[in-house]
Amino acid sequence: MKTKIFIDGREGTTGLRINERFAGREDVELLSIDPEKRKDIEERKRLINQSDITFLCLPDDAARESVGLIENDSVRVIDTSTAHRTQEGWAYGFPELSEGHRQRIAKGQRIAVPGCHATGFISLVYPLTSAGILPADYPLTAFSLTGYSGGGKKMIAEYEGEERDQSLASPREYALSQKHKHLKEMKQITGLVREPLFSPIVADYYSGMVVSVPLYGELLNKERTPARLRAFLADFYQGQRFVQVMPLGEEAQLHGGMLAGNGCSGWDGLRIFVTGNEERILLSAQFDNLGKGASGAAIQCLNIMLGCEEDRGLNL
């Protein structure tokens, strides 16, 4: 029997990508909504409750509204918004973090897909805090380089417009108020005492991102060199197809000593690089903000929930 899937918010960037990933899949049945009724609450309610699994690809308030429309207790939800990522009762959709995370996704009724910036940050920090290598009160900083597709349809239109503003040709730092919406999950999921100082930058390319976290080796509790940290991370993610811990120096082979923001565009995995020296270490996660950072992660969670191949419909 096919699994009935409804995508609430299919017209957005993430919703469109999720819909595209079902092409050729014979194990699911997509429930479609009349375009003229996509904002009709009663029609959305009908389709949500008719589905086995509903994807929410909506702004936060709309995602909360959709959850409130559920009357059929058997309906399972995969939410790609920020609304439920730190809410009790929701599984956090990053299965590589632990077997517990994976099992909560597999058995859960409510799954929250991580944010794109948060995915990179947490992939680097969670293993270290959970093992006691990185103190929970370490005053972390992080920066992130991302393509403009992460800003949704409005930002895409701005960057691809014929008479666009000249400033769009240059990388732009944003979230200067230190109130980025991903900070809450970055702190909570990793067990940090405080939110990191976070500096995201959007640049003139479509998709892909690099999230980096600098560390002082002497302030770590153990594994204080790039080689030892790299070995620890490789062991932590051993056997995880979606996360690759790259050999030391691999950035020179792949990118000529630089990490390109679009280096993983179109790919659904995540690469971790450990660079620097014994005094100052730089951890970097390179992935696609539309892949492991959004729709790819959502489909991975779906596959785990269905018990099928974890990479079905994905590009690894």
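Please treat every number below as a calculation from the coordinates, not as lab data. Just so we're clear, the structure is a prediction, and the values are computed from it rather than from any experiment. Neighbour counts are summed over all protein chains in view; Cβ atoms, including those assigned to glycine, are modelled from backbone coordinates with ideal geometry.
Take the Cβ atoms of residue 193 and residue 154, set R0 to 45 Å, and the FRET efficiency comes out at 0.80.
What is the spin-label model distance, in nm, from residue 64 to residue 254 if the labels are put 7 Å beyond Cα along the C-beta direction? Placing both labels 7 Å beyond Cα along the Cβ direction yields 3.8 nm.
Between residue 176 and residue 218, the FRET efficiency estimated from the beta carbon spacing at R0 = 25 angstrom works out to 0.25.
Its Cα centre serving as origin, the chain has a Cβ charge dipole (Lys and Arg +1, Asp and Glu -1) of approximately 540 debye. If you wrap the Cα atoms of the stretch 116-289 in a convex hull and average its projected area over all directions, you get 10.2 nm². When the Cα positions of 148, 249, 178 are compared along the charge dipole of the stretch 116-289, 178 comes out farthest toward the positive end, with charges on each C-beta of Lys, Arg, Asp and Glu. Note on residue 49 and residue 29: the model spin-label points, each 7 Å out from Cα along the C-beta direction, lie 1.9 nm apart.
For the stretch 1-143, the Kirkwood estimate of the hydrodynamic radius, built from every pair of different alpha carbons, is 16.5 Å.
The slack in the chain from residue 131 to residue 238, taken as 0.36 nm per residue of separation less the alpha-carbon distance, amounts to 37.0 nm.
Ordering 75, 28, 243 from the fewest to the most neighbouring beta carbons within 10 Å gives 28, 75, 243.
Calculated mean residue ellipticity, 222 nm, the chain: -9000 deg cm²/dmol, from DSSP H runs (n ≥ 4) at -39500 (n - 2.57) each, averaged per residue and rounded to 500.
The ranking of 52, 60, 34 by Cβ neighbour count inside 10 Å, starting from the fewest, reads 34, 60, 52.
So what is the relative contact order for the stretch 17-151, in percent, with contacts set as C-alpha pairs under 8 Å and at least six apart?
15
Cβ-to-Cβ counts within 10 Å put 105, 7 in ascending order as 105, 7, the fewest first.
Summed over all non-identical Cα pairs, the Kirkwood treatment of the stretch 64-206 gives a radius of 17.0 Å. For the stretch 63-70, 3J(HN,Hα) computed residue by residue from phi via the Karplus equation (6.51, -1.76, 1.60; θ = phi - 60°) reads 5, 5, 4, 4, 4, x, 7, 6 Hz, glycine and proline entered as x. Across the cross-link table entries 2/107; 2/184; 45/179; 154/292, which are compared at the Cα atoms, the separations over 26 Å belong to 2/184; 45/179. Under the criterion of Cα pairs below 8 Å and six or more residues apart, the relative contact order for the chain equals 18 percent.
Modelled this way, with points 7 Å down the Cα-to-C-beta line, the labels at residue 201 and residue 279 are 2.3 nm from one another.
Relative contact order, whole percent, for the stretch 155-208 stands at 43, derived from Cα pairs under 8 Å and 6 or more residues apart.
At q = 0.24, 0.29, 0.30 Å⁻¹ the log10 of I(q)/I(0) for the stretch 185-248 amounts to -1.26, -1.20, -1.20, computed by Debye summation with a single uniform scatterer per C-alpha, solvent ignored. For the pair residue 107 and residue 169 in one chain, pulling the backbone fully straight at 0.36 nm per residue adds 17.8 nm over the alpha carbon distance.
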